[in-house]
Amino acid sequence: MKELIEIDTLVHQCDKCKNLVEKFPNEKTVFLGRDNEIVLIGEAPANNGWRKSHLLWRDGNGKMLPSGVVLQKLFDIIDRNILETTFLEAVKCYPLERKNLKTCSLNCKEVMMRQLKILKPKLIISLGEFPTRVLLDFSFKKFSDVVGNIYEVNGYQILPIYHPSPVSPKSYKGNLPIFEKLKGM
């Protein structure tokens, strides 16, 4: 899509976070799936994932990353493949320190919203706290208060889930009831 290419050019020229990030080296900041019914939004490019391997959910050797394994188990419940699902990051570049995610996600919000406007997803699944905070138009104290609920914001249906990283104790078990409920929808 021509519009997405134009946005990627802007991302590569952006310097809002120049001292906070390592630039995203790939040509595209959106992985297009077979359709845009569901669009996944991650926090930021994984240190050893997409930005280095150029393969979504895979490391430099092509092996599925642990987050991808967990997310695919959840997607099996709704009969979908994560490698066929459109994906983008809330933060387009790799933050040098995790504490920079908030600043970087706010700086990238306009770009992310432009990408979503082009993609027109039926459902956005936000993976973790930072993309969720950027997407929702209200503040919340605890991330767990919004996880698993579908919110309509700016015409989008947004479903926050716990980040699928195995580092998170709720990556699978906390998200399991959400995907079981999705299957019934």
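The values are calculated or read from the model by the stated rules, or taken from the named source; none is laboratory data. Quick caveat, the model's predicted, so the values are computed rather than measured. Counting neighbours? That spans all protein chains shown, and the Cβs are built from the backbone with ideal geometry, glycine included. For accessibility, only protein heavy atoms count, side chains too; no ligands or nucleic acids. Shrake-Rupley method; radii C 1.70, N 1.55, O 1.52, S 1.80 Å.
Details
- Across the accessible surface of the range 26-185, with the other protein chains kept in place and a 1.4 Å probe, carbon and sulfur atoms take up 51 percent.
- Alpha-carbon Rg/Rh ratio, for the range 21-101, with Rh computed the Kirkwood way: 0.96
- Set of lysines with alpha-carbon distance to residue 183 below 18 Å, sequence-local pairs under 8 removed: 73, 122, 173
- Under-5 Å amide H pairs with residue 57, H placed in peptide plane, nonlocal only: 50
- Peptides ranked, highest mean first, by Cβ atoms within 10 Å: ranges 46-55, 126-135: 126-135, 46-55
- Angle between the chain longest axis and helix 101-119 axis [Cα atoms, degrees, rounded to 10]: 80
- Contact order relative to length of the range 98-185, as percent, for alpha carbon pairs under 8 angstrom and 6 or more apart: 25
- Taking 10 °C and 1.306 mPa s as conditions, the range 1-64 diffuses translationally at an estimated 121 µm²/s according to Stokes-Einstein applied to its Kirkwood radius (Cα pairs).
- Largest-first principal axis extents, alpha carbons of the chain, Å: 43, 39, 33
- Of 52/181; 109/141; 23/170; 23/142, pairs whose Cα-Cα distance is over 26 Å: 52/181; 23/170; 23/142
- Sorting 19-26, 37-44 by their mean Cβ neighbour count within 10 Å, with the most densely packed peptide first, gives 37-44, 19-26.
- Segment residue 96-residue 79, length gained on full extension (0.36 nm per residue, minus Cα span): 2.6 nm
- Degrees, to the nearest 10: 66-77 long Cα axis against longest axis of the chain: 40
- Remark: the chain carries a charge dipole of roughly 340 debye about the Cα centre, counting +1 on each Lys and Arg Cβ and -1 on each Asp and Glu Cβ.
- Backbone amide hydrogens, once placed in the peptide plane, bring residue 85 within less than 5 Å of 34, excluding anything fewer than 5 places away on its chain.
- Alpha carbon Rg of the range 77-176, scaled by the compact-globule rule 2.2 N^0.38 Å: 1.06
- Of all DSSP beta bridges confined to the range 1-115, the antiparallel ones make up roughly 50%.
- Look at the dipole of the range 1-131 built from charges on Cβ: of 93, 53, 78, the Cα furthest out on the positive end belongs to 93.
- FRET efficiency for residue 114 and residue 185, using Cβ-Cβ distance with R0 set to 41 Å, rounded to 0.05: 0.90
- Helix axis angle, 2-13 relative to the chain longest principal axis, alpha carbon, degrees: 60
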